[in-house]
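**Q** Structure incoming, see below.
None of the figures in this text is laboratory data; all of them are computed from the coordinates on show. No experiment lies behind these values; they were computed from the predicted model shown. Here the Cβ positions follow ideal geometry from the backbone for every residue, glycine too, while neighbour counts run over all protein chains shown.
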Amino acid sequence: MTTPLDAVLADLDQRQDSHLDELTRYVAIPSISAENRGVREAAAHIRGLAESWGLETALLETAGQPAVLLRGPRVDGTPHVLIYGHYDVQPTGPLDAWRFPPFEATVSDGRIFGRGTADNKGQHLSHLLAIGSWTRLHGAPPCTVTVLLDGEEEVGSPHLPDLVRAHSALLACDLVVWSDGPVHDSGRSTVTFGVRGIVQFELTARGAAIDLHSGNWGGVGPNPAWELVHLLATMKRPDGTITIDGLADEVRPLGAAERRALDALPVDVAQLDLLGIGRWDAPADRPFYDRLTAYPTLTINRFDTASAGANRTIIPATARAVCDIRLVEAMTVEATYARVADHVRRHAPDVECRMLAAMEPSRTDPDSVYVEPIRNAMRGVLGEDPYLVPSLGGSLPDYVFTKILGVPSIGVPFANADEANHAPNENLELHRFRTAPKVSAALLAGLAALGAT
């Protein structure tokens, strides 16, 4: 017998051309939040599409760009699923580096090229297309669904925490599902349970009032660049140990399910070779995925003396370093930055320390009751078992769901590993865009079968 899901999957197959047209129209709107360009136009566009399917829509204003809320009808006796995505995109970067115009979705070599195709319009549109098919054929998705589309993710989602707190009743749900970032390097799909957080900070050391001639004043004038070099050397040893007191005190050890998942993930050695990574950062014996999941990192992003130029033999007046620490569960932004600032005060009291950006880490239990229905849905559509990834190495505002709403949050990325997000020639493999709405449709059906939780 044909099931409701079978009918939806067949409908999605028949509409692949119209789905591509829909993505093309969406990508054509340059919703660049960093430039305050096209964001509200994109919000109006996606609201209009959802309203054409009979969904309830709203614009949730913030102190910056608005978020878009889309709601299906309540389906009693099922979990309430909140799908998160973002409709803002990165700036284009150098236009001459693009193969095709960035805001004209272009199919070539089995890929759809264009800004936002993978990050993130193509991914959350896939969920919306599945919801649209369920609604068109059956009057509603199989479970209660709300979609929240962020308008500021590409600038760090600075107002999302306040939005979620202010609308916590409206956003109340049992589970959050998000699709962002790539699948595994091997091409196999993944189910992801968390992200690392981040604290980015700037260190500024000052010397004389002006740059000094290094011959006339060498050995006399203080050198702020050396001051920063010595300070940074107190923060991390050559063996890889971070020496900021107490930094890792709150780190939560991996659980048994997380350990099994990490051990099952293959390392793409060819990708490391392609990137020219001839040796790993210290300590050399630390397993690859443990590095991205289980330990905080300290990275120097930039070190400069603004006035230094080629062949200028000077003692610079000012030196700056920008660093970031990636946080793992259950570290916090507040405690991490406080420890950095305290370390700077003790080792280099004249150096100014300033926080630039921050985001909390997030983690969901891989043994959650929602995991098997999601894995089964992916198996059914894709014909393979997805890898389980306890945590991404990067940072997303996932914590607003796990720590403010207090619900599990699970990632189901749809983009290829070489999507070139944030770079010229961003792309989404065509076959992934064709299958993603089917994965979403099956995922909703599988979660509905759980019944109320």
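**Q** Per residue of the stretch 96-107, what does 6.51 cos²θ - 1.76 cosθ + 1.60 with θ = phi - 60° give for ³J(HN,Hα)? Whole Hz please, x for Gly and Pro, Karplus curve as stated.
**A** Each residue of the stretch 96-107 in turn: 6, 8, 7, 6, 9, x, x, 10, 10, 4, 10, 8 Hz.
**Q** Something else about it: Quick one: which residues, 5 or more positions from Val177 or on another chain, have an amide H under 5 Å from its amide H? H modelled 1.01 Å from N in the peptide plane, none for Pro or chain starts.
**A** So Val177 has HN proximity to Leu82, Ile83, Tyr84, Ile410.
**Q** Just subtract the alpha-carbon distance of Leu274 and Asp350 from 0.36 nm times their residue separation and send over the number in nm, one decimal.
**A** Between Leu274 and Asp350, full extension yields 23.1 nm more.
**Q** With each label point set 7 Å from Cα along the Cα-Cβ vector, what nm distance links Ala256 and His167?
**A** Taking the two extended label points, one gets 4.1 nm.
**Q** Compute the separation of the alpha-carbon centres of the stretch 228-287 and the stretch 55-87 and state it in Å as a whole number.
**A** 37
**Q** Further question: Would you kindly work out the equivalent ellipsoid of the stretch 129-190 from its C-alpha gyration tensor and give its semi-axes, the square roots of five times the eigenvalues, largest first in whole Å?
**A** So the equivalent ellipsoid measures 24, 22, 11 Å along its semi-axes.
**Q** Anything in the chain that counts as a DSSP H helix reaching 18 Å or more along its axis (C-alpha) with Kyte-Doolittle mean of at least -0.5? List them, would you?
**A** Those that pass (Cα extent of 18 Å or more, hydropathy at least -0.5) are 39-52, 121-138, 430-448.
**Q** Looking at the chain, what % of its DSSP beta bridges pair antiparallel, to the nearest 5?
**A** So the antiparallel bridges amount to about 70 percent of the total.
**Q** Taking H as built 1.01 Å from N, whose amide H comes closer than 5 Å to the amide H of Thr332, not counting residues under 5 places away?
**A** HN-HN under 5 Å from Thr332: empty list.
**Q** Which ³J(HN,Hα) values in Hz, rounded to whole numbers, follow from the phi angles of the stretch 66-76 under the Karplus curve 6.51 cos²θ - 1.76 cosθ + 1.60, where θ = phi - 60° and Gly and Pro get x?
**A** Going residue by residue, I get x, 9, 10, 10, 10, 9, x, x, 5, 10, 4 Hz, with x marking Gly and Pro.
**Q** Sum -39500 (n - 2.57) across every DSSP H segment of at least 4 residues in the chain, then divide by the residue count to get the 222 nm mean residue ellipticity, nearest 500. Don't jump to the answer; show the numbers that get you there.
**A** Numbers: 12 runs with 139 residues, N = 453.
Calculated mean residue ellipticity at 222 nm is -9500 deg cm²/dmol.
**Q** What ranking do 112-118, 277-283, 240-246 get when scored by the average of other Cβ atoms within 10 Å per residue, highest first?
**A** Packing proxy ranking, top to bottom: 112-118, 240-246, 277-283.
**Q** Show the residues, 5+ positions off or on another chain, whose built amide H is closer than 5 Å to the amide H of Ile314.
**A** HN-HN under 5 Å from Ile314: Ser214.
**Q** Quick one: P(r) of the chain from all Cα-Cα pairs, 20 Å bins, percents rounded to integers, in order of increasing distance.
**A** Taking every Cα pair in the chain, the percentages come to 23, 53, 21, 3, 0.
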